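Visitor: Before we start, here is the structure in question, set down as structure tokens.
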Amino acid sequence: MDNANAASAVSSGPKNNSLLQRVLSVLVLLPVIIAVGWWNYWASAAVVAGVVVIALLELYGKLTQGGYLPQRWVGLIVGLSLVAVVAVRPLGQSPELLPFVLTVCIIGSLLAALPRARGERTLASWALMLAGALYVGWLFSFLIALRAIESPPLREGTLVWLWLKPGAAWLFTVMAITWLQDTFAYFAGKAFGRTQLAPYLSPKKTWEGAAGGFVGALVGAVGAVFIFCLPISVPQALLLGAVGGVVGPLGDLAESMMKRQIGIKDAGSLIPGHGGVLDRADSLLFCAPVLYYLILFMVR
């Protein structure tokens, strides 16, 4: 997010209001996310599907502002198809289903674009529509894949007695790593930020903020071992945090590149103080798949 690693600046009324909005948004959304993830696998999948719809509508709306004409309904079908594949057959359980769905999506989306062949930027609009559906739908689906992890069981502890499932614990762990990285980066950047990290892509991000975010990711990973009774060691948790602390900011920069190319500041305005869903979840879109595969390597 463009404001996540902001360099230090003089406090002002609007900035204080923005920080208050960020805090209030977290206080409202976080309990809902925890409750849904804790409660039920299919409820989690439904929420992810809803988030994919909102994020794709944000992305396609901004692409339209940039002069492209993505077929939104086609992109929504592609994105939700990928989510449905993972929800119905978690990764690895039905390897032949995903290639089939991808094939249908590619051919079907091209056929849907044929009636618009005479229009300007038809090919570019199709490519961006399909790429956006893959970016949002496929990467978000790894949140469902995390929730589907069933083994090994969690270690004994208080939260396990409260019926916390392994999948929910891993899902919360990845979210904790990602969001603590972002939170630490925000405050470290404001307090100590001097050296720009990627001036062209996101002028407000700093190396000092990135270092603070890296520490936050480590704190989130180690804390999750004890809070969620994860069946991994502290060194393994540190590895998870270190990878998340690097991958998260890269996901942030990737979305910044998209916004820079389109010429917009925020992908949306749904979440006060944070922007849109994509602005809030850009780091998570990279962390979820990378940490998912790292978790599988550690526990299986």
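The values are calculated or read from the model by the stated rules, or taken from the named source; none is laboratory data. The shown structure was predicted, so the numbers you read here are calculated from the model rather than taken from an experiment. Virtual Cβ from ideal backbone geometry, glycine too; neighbours counted across all protein chains shown.
Visitor: Please count how many residues of the stretch 276-291 are farther than 14 Å from LEU230 by Cβ, part of a helix (DSSP H, G or I) and in contact with a helix residue (DSSP H, G or I) (Cβ under 6 Å, 6 or more places away or on another chain). Outline the logic, then answer.
Guide: Let us first name the residues in the stretch 276-291 that are farther than 14 Å from LEU230 by Cβ, namely 276-290.
Subsequent filtering for residues that are part of a helix (DSSP H, G or I) retains 277-290.
Still in the running and in contact with a helix residue (DSSP H, G or I) (Cβ under 6 Å, 6 or more places away or on another chain): 277-278, 282-290.
Residues meeting the conditions: 11.
Visitor: What residue, of GLY75, GLY108, GLY92, GLY79, is surrounded by fewer than 16 Cβ atoms within 10 Å (Cβ to Cβ) and at pLDDT 95 or above?
Guide: Just one listed residue meets the conditions, GLY108.
Visitor: Shifting gears a bit: Only one of (1) surrounded by fewer than 14 Cβ atoms within 10 Å (Cβ to Cβ); (2) among the small types (Gly, Ala, Ser); (3) without any contact (Cβ under 8 Å) to a residue 40 or more places away in the chain is not met by ALA127, so which one is it?
Guide: Result: ALA127 fails condition (1) only.
Visitor: Restricting to the stretch 165-201, count the residues that are in contact with a helix residue (DSSP H, G or I) (Cβ under 7 Å, 6 or more places away or on another chain), of a type in the set (D, E, K, R) and surrounded by fewer than 22 Cβ atoms within 10 Å (Cβ to Cβ).
Guide: Summing the residues that are in contact with a helix residue (DSSP H, G or I) (Cβ under 7 Å, 6 or more places away or on another chain), of a type in the set (D, E, K, R) and surrounded by fewer than 22 Cβ atoms within 10 Å (Cβ to Cβ) in the stretch 165-201 gives 1.
Visitor: Right, something else. On the given criteria, is LEU162 at pLDDT below 95, surrounded by fewer than 20 Cβ atoms within 10 Å (Cβ to Cβ) and among the hydrophobic types (A, V, I, L, M, F, W, C)?
Guide: Working: at pLDDT below 95: yes; surrounded by fewer than 20 Cβ atoms within 10 Å (Cβ to Cβ): yes; among the hydrophobic types (A, V, I, L, M, F, W, C): yes.
Here the answer is yes, as LEU162 does meet what is asked.
Visitor: Hey, another quick one. With LEU154, LEU180 as the choices, which residue is over 25 Å from GLY67 (Cα atoms), aliphatic (A, V, I, L, M) and under 23 Å from the mean Cα position of the chain (by Cα)?
Guide: Values: LEU154 fails: under 23 Å from the mean Cα position of the chain (by Cα).
Going through LEU154, LEU180 in turn, just one is over 25 Å from GLY67 (Cα atoms), aliphatic (A, V, I, L, M) and under 23 Å from the mean Cα position of the chain (by Cα): LEU180.
Visitor: Kindly establish whether ALA45 is surrounded by fewer than 19 Cβ atoms within 10 Å (Cβ to Cβ), at pLDDT 90 or above and assigned to a helix (DSSP H, G or I).
Guide: Values: surrounded by fewer than 19 Cβ atoms within 10 Å (Cβ to Cβ): no; at pLDDT 90 or above: yes; assigned to a helix (DSSP H, G or I): yes.
Against the criterion (surrounded by fewer than 19 Cβ atoms within 10 Å (Cβ to Cβ), at pLDDT 90 or above and assigned to a helix (DSSP H, G or I)), ALA45 does not qualify.
Visitor: When you look at THR206, is it over 16 Å from ASP252 (Cα atoms) and of a type in the set (S, T, N, Q), yes or no? Step through it out loud before you land on a result.
Guide: Details: over 16 Å from ASP252 (Cα atoms): no; of a type in the set (S, T, N, Q): yes.
It is false that THR206 is over 16 Å from ASP252 (Cα atoms) and of a type in the set (S, T, N, Q).
Visitor: State yes or no: is TRP73 without any contact (Cβ under 8 Å) to a residue 24 or more places away in the chain and either more than 19 Å from the chain's Cα centre (by Cα) or assigned to a helix (DSSP H, G or I) (or both)?
Guide: Details: without any contact (Cβ under 8 Å) to a residue 24 or more places away in the chain: yes; either more than 19 Å from the chain's Cα centre (by Cα) or assigned to a helix (DSSP H, G or I) (or both): yes.
When the stated conditions are applied, TRP73 passes them.
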